[in-house]
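Some notes on the structure that comes next.
We did not get these values from a lab; they are worked out from the coordinates using the rules stated. Fair warning: this is a prediction, and the values are worked out from it, not measured in the lab. Quick reminder, even Gly has a Cβ in these numbers, built from the backbone with ideal geometry, and neighbours come from all protein chains shown.
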């Protein structure tokens, strides 16, 4: 009996065993894509960084591209300056966790919006993530690199057809999303955002950023600059609001925002990624003519009971009409 | 209607203070009701008697004394208002009054305009588009809120 021959027979089995055990170990240690997304959400509220980001939105027949410098200080401070297009270079934004204030440098113009860093906003994002887990098949693709940093690549494919899908590139070390691409239900790219430069752990004095404003913006807390729940909305609205009785599968209420000093309301529904916005203007609010030739994000405009409705969503026309017919 | 109510109206009837419709109703009732007719006749007699009494002239110096007593009386608010109106009529010429009235109207109109502009917005359709993107961004991971000026980007 030749012992060398026996070893030769065992060798391939040993090799397969090593490969299998290695694979199993890595599978056990590998982080779940859902866990990556959860950590990523927390990272957005818990990191200090400075970066340059390029964003593109596409609408039928046109697209908007902006480049912004973003300074983020945890937990709720963001300062944004617009770098491109050139004509918007004077635009700056400051989010202090209460409001997001846009300002044109050299002017006295301020625009107040709901803060994206507020606890309400974080809660909306958390709910949205849970909806993504329900309505999307989340899978991890091959790892890649962005700005020479290793990243997880996560894909979100809708369980129900007719909804958008997403691809996200998440930094392995910090869990900050560095790139994101959204595609509509027809497979067309509708928006993309990615950092072209990023530096972590940079601390700045917040006061320094307020100096860019001619005076420290003061604002009375108007409800229209806050995200409202349905309960809050019913308490604050001055006219009876209509709600859609039909929504495509997986969609739930996201937020309500009062516009134009409470003369209009925006109701947003989401499946975690796609959104349906229903705007309604109080009777004698605005003439319907302002919507003439409006070819924006697939809108549907109609009048009912003296008020004007505008429905916007990147879903099929058939579904839009079904929602419209159910509004009461 | 009961006789009590008709009787109350008899005095007004004699003084010509009732409408023609009421007058004919009263006359109709008087024809049918003896008691009311009797009361009417009595009243009519008293009425005639009163009219036959010649009016008495006041004693000499009555008006002078009355005027003196009125000037000593403290003016009431109503009297003050009447006085102000009288003063307004006297102290401003007609053109001045028109000027003041026009100024007041202008002041009210300007105030209303300022109030309206403070409470109304110029609505640009892009605002809705922008709000749509804003809602979309809430579901984004990388997203920082879109610029509030889509209409300026074009």
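Points worth noting:
- Which of A:159, A:58, A:317 has the fewest Cβ neighbours within 10 Å, and the rest in rising order: A:317, A:159, A:58
- Cα-only radius of gyration and Dmax that characterise region A:112-222, units Å: 17.9, 50
- Against chain A, whose longest principal axis comes from its Cα atoms, helix A:3-29 is set at around 20 degrees.
- Of every Cα-Cα pair in chain A, the percent that sits beyond 24 Å: 64 percent
- Histogrammed with a bin width of 10 Å, the alpha carbon distances of region A:232-274 distribute as 24, 50, 24, 1 percent, first bin at zero.
- Calculated FRET efficiency for the pair residue A:126/residue A:200, C-beta based, R₀ 35 Å, to 0.05: 0.90
- Rotationally averaged projected area of region B:1-77 (alpha carbon convex hull; nm²): 9.2 nm²
- At R0 = 30 Å, FRET efficiency that the Cβ-Cβ distance of residue B:110 and residue A:239 yields, to 0.05: 0.55
- Over all directions, the projected convex hull of the C-alpha atoms in region A:33-210 averages 11.1 nm² in area.
- Packing rank of A:160-170, A:140-150, A:117-127, where each peptide gets the mean count of other beta carbons within 10 Å, highest leading: A:160-170, A:117-127, A:140-150
- Inter-chain Cβ neighbour count for A:268-277, averaged per residue, equals 4 (cutoff 10 Å, partner chain atoms only).
- GNM top mover of A:12, A:158, A:299 - chain A, alpha-carbon springs below 10 Å: A:12
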